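Participant: Below is one structure. I have some questions about it.
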Amino acid sequence: MNERVVARDVVVTGSETAEALAATLADDGGFETEVVATDGILDYLETASPAALVVVDDLQSGTAIETFEAVRDTGATLPVLLVGDGVDSGRVEAALSAGVTDYVADTGRTAELGARIRAHVATPTLDGYVETQRQEQTIGSLAHDVKNPLNVIAGRLELLDVEDTHADAIDRSIARVESLIDEVTLLASAGRPGEPQQVDITETAERVWSEFDTDAATLVAETELTAETDADALTLLFRRLFENAVAHGGDGVTVTVGGTEAGFYVADDGSGLPDDVGEELFEQGYGTARDGEGYGLFVADRAAAANGWALSAGASEAGGARFDVQYR
């Protein structure tokens, strides 16, 4: 049976290795350690609050990353460190990409492990998964709190005898604030990577395109690519790139989705990008459309980053805009 070491700050997986590591951390690191069976760790965390968890990555069982994800699924935000022997760089990369707080690739390096445990416990910022979760909760609460007084303002405005010109201006301002709230809320969720799955690029693009009221615009999908990715993040990426193409490409714009050696692209035959535009195109608040809030491509860039992809912009063969998504 696999067991875990729960030091006052660590949970470790792996039977005998976990026992030995727990003893060493107690003797040399000064930690109070406790051994908990792997299949009982979630029940343990319901009643106990260790400062951190250390999971021994036993490659024979290969369940350390899954254990980390199960712990995070409970809402636990404590640091989770993995430690293992004989692991290659790919395994470490996979664990860190999954969101683990840290990885020590040698169970004998207990001094280093202890130092990292202390550092992560002392540092308020934990792994990206936890930080994104906290941001979502904070922004969601703020959005709710802000929308309530906006609704009151809009309701009272209807009762006031205000000149149409002023009433229209106030309505537009309220709508703009509500739009910004929605964008910021969406932005918070865009940064959290979801469960990767095999997704058909063309099928996703066509599904997203069907959501648009674009009788005059046309989508041409020219790829049979699939990608192992977070489907929600890919959907958001296409939605924002299509919105940008329709908003800036003009009536009758044709949008093309095609494959490249490094990923895929979204191109249009519209008026193209400004000559002097650079990386600021993806910055928060940048925008050329008067009615836009400047968050479209910023959110698209964040959605790509959530997949571990790079988003770049240039000119299409038809003279319009082209956005390339490169797998990293």
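Participant: Using all alpha carbons of segment 197-327, what is the percent of pairwise distances in each 5 Å bin, ordered from the shortest bin to the longest?
Facilitator: It works out to 2, 11, 23, 26, 22, 12, 4, 0, in whole percents.
Participant: Further question: Can you give the % of DSSP beta bridges in segment 197-327 that are antiparallel, to the nearest 5?
Facilitator: 85 percent
Participant: Ranking request for peptides 50-60, 17-27, 229-239: highest mean number of other beta-carbon atoms within 10 Å first, then the rest in descending order. Working shown, then result.
Facilitator: Values: 50-60: 23.1, 17-27: 19.5, 229-239: 21.5.
By packing density, highest mean first, the sequence is 50-60, 229-239, 17-27.
None of the figures in this text is laboratory data; all of them are computed from the coordinates on show. What you see is a predicted model, and the numbers here were worked out from it, not measured in a lab. Note that we place each Cβ from the backbone using ideal geometry, even for glycine, and neighbour counts take in every protein chain shown.
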